[in-house]
Amino acid sequence: MANADMKDSLREKGVRLTRQRQILLDLIDGSGKHLDAEELFRLAQAQDPKLNRVTVYRTLKMLKHSGLVDELDLMHYGGDQHYYETRLKQEHAHIICLRCGKVEEFFGEPLQRLRKQVESHFGFEILITRTEIGGYCSHCQVLRAREMEQAAEIAETVPHTPPPQKPAPARKRG
Ligand SMILES: [Zn+2]
Ligand SMILES: [Zn+2]
């Protein structure tokens, strides 16, 4: 959906595309990333210094409710933080590194196949799907292996506590 179609879709829903809504939509749509509300607030304010935090958060909520923007938690890597991306993108899964927070997107046929299987198996009408995969990226796997080695080395150098001393054998009386 192009930007013009998006405006039509908003108009159908009776939503006026105000300047702040347009700024946020453009930022989310154009970033190609998964920005959180604070990052979006900073970027929006750079474009319009009059925009305040409350307006930005309220606008994000409204964009989410009108189905134009998707709100993600990305495996809660950032705690309670939420991330925003356009719903105009093709369906994809998010692959999140739980160590460095890197997010990759997986587009592909298996997702469509899963969707079809769920629909036919459960007779379900799917409105929204969200696929998240958490783990360690190849870079972090190397770093983790090194950390484990170091931890093992430290454990080895720590002296073991000596076993409790046996009481001296009772001396035989002569
Ligand atoms: Zn990583
Ligand atoms: Zn994404």
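For segment 87-104, how many residues are within 16 Å of ligand 1 (Cβ to nearest atom) and closer than 13 Å to Leu72 by Cα?
4
May I ask you to verify whether Leu111 is in a loop (DSSP other than H, G, I, E, B) and not assigned by TED's automatic domain parsing to the domain that holds Leu68? Before the answer, list the steps.
Details: in a loop (DSSP other than H, G, I, E, B): no; not assigned by TED's automatic domain parsing to the domain that holds Leu68: yes.
Against the criterion (in a loop (DSSP other than H, G, I, E, B) and not assigned by TED's automatic domain parsing to the domain that holds Leu68), Leu111 does not qualify.
Being surrounded by fewer than 17 Cβ atoms within 10 Å (Cβ to Cβ), modelled with pLDDT of 90 or more and assigned to a helix (DSSP H, G or I) is the requirement here; does Lys7 meet it?
The answer is no for Lys7.
In segment 40-50, is there at least one residue being within 16 Å of ligand 2 (Cβ to nearest atom) and farther than 14 Å from Arg130 by Cα? Give the derivation first.
Taking segment 40-50 and keeping what is within 16 Å of ligand 2 (Cβ to nearest atom), we get 40.
When the remaining residues are screened for being farther than 14 Å from Arg130 by Cα, the result is 40.
Yes: segment 40-50 contains one or more residues that are within 16 Å of ligand 2 (Cβ to nearest atom) and farther than 14 Å from Arg130 by Cα.
Hey, among His160, His139, His121, which residue is modelled with pLDDT of 90 or more, outside the structural domain of Val69 (by TED's automatic domain parsing) and either within 16 Å of ligand 2 (Cβ to nearest atom) or over 26 Å from the mean Cα position of the chain (by Cα) (or both)? Full working, then the answer.
Details: His160 fails: modelled with pLDDT of 90 or more; His139 fails: either within 16 Å of ligand 2 (Cβ to nearest atom) or over 26 Å from the mean Cα position of the chain (by Cα) (or both).
Every option except His121 fails the conditions.
Evaluate segment 137-149: report whether one residue or more is more than 16 Å from ligand 1 (Cβ to nearest atom) and part of a helix (DSSP H, G or I). Show your work before the answer.
Here is the first cut: in segment 137-149, the ones more than 16 Å from ligand 1 (Cβ to nearest atom) are 149.
Next cut, part of a helix (DSSP H, G or I) only: 149.
Taking every residue of segment 137-149 in turn, at least one turns out to be more than 16 Å from ligand 1 (Cβ to nearest atom) and part of a helix (DSSP H, G or I).
So His65 clears everything in (1) on the phi > 0 side of the Ramachandran plot; (2) loosely packed, with under 14 Cβ neighbours inside 10 Å except one condition, right? Which one?
(1)
Which residues, taken from segment 88-133, are within 27 Å of Asp26 (Cα to Cα), surrounded by fewer than 15 Cβ atoms within 10 Å (Cβ to Cβ) and of a type in the set (Gly, Ala, Ser)?
Passing the criteria: Gly101, Gly108.
Given the condition outside the structural domain of Gly30 (by TED's automatic domain parsing) and surrounded by 13 or more Cβ atoms within 10 Å (Cβ to Cβ), answer yes or no: does some residue in segment 71-83 qualify? Before you say what the answer is, go through the steps one by one.
Just the residues of segment 71-83 that are outside the structural domain of Gly30 (by TED's automatic domain parsing), to begin with: none.
No, the conditions are met nowhere in segment 71-83.
Take Arg130 and decide whether it is away from ligand 2 (no atom under 14 Å from the Cβ) and basic (Lys, Arg). Explain how you work it out, then say what you get.
Details: away from ligand 2 (no atom under 14 Å from the Cβ): no; basic (Lys, Arg): yes.
Answer is no for this residue.
Do you know which residues across segment 90-108 are in a strand (DSSP E or B) and either of a type in the set (Val, Ile, Thr) or within 14 Å of ligand 2 (Cβ to nearest atom) (or both)? Give the steps one after another, and end with the answer.
In the first step, residues of segment 90-108 are kept if they are in a strand (DSSP E or B); the result is 92-97, 103-107.
Once the filter is applied, which keeps residues that are in a strand (DSSP E or B) and either of a type in the set (Val, Ile, Thr) or within 14 Å of ligand 2 (Cβ to nearest atom) (or both), segment 90-108 yields His92, Ala93, His94, Ile95, Ile96, Val103, Glu104, Glu105, Phe106, Phe107.
The values are calculated or read from the model by the stated rules, or taken from the named source; none is laboratory data. The shown structure was predicted, so the numbers you read here are calculated from the model rather than taken from an experiment. Using ideal geometry, Cβ is built from the backbone for each residue, glycine included, and neighbour counts are taken over all protein chains shown.
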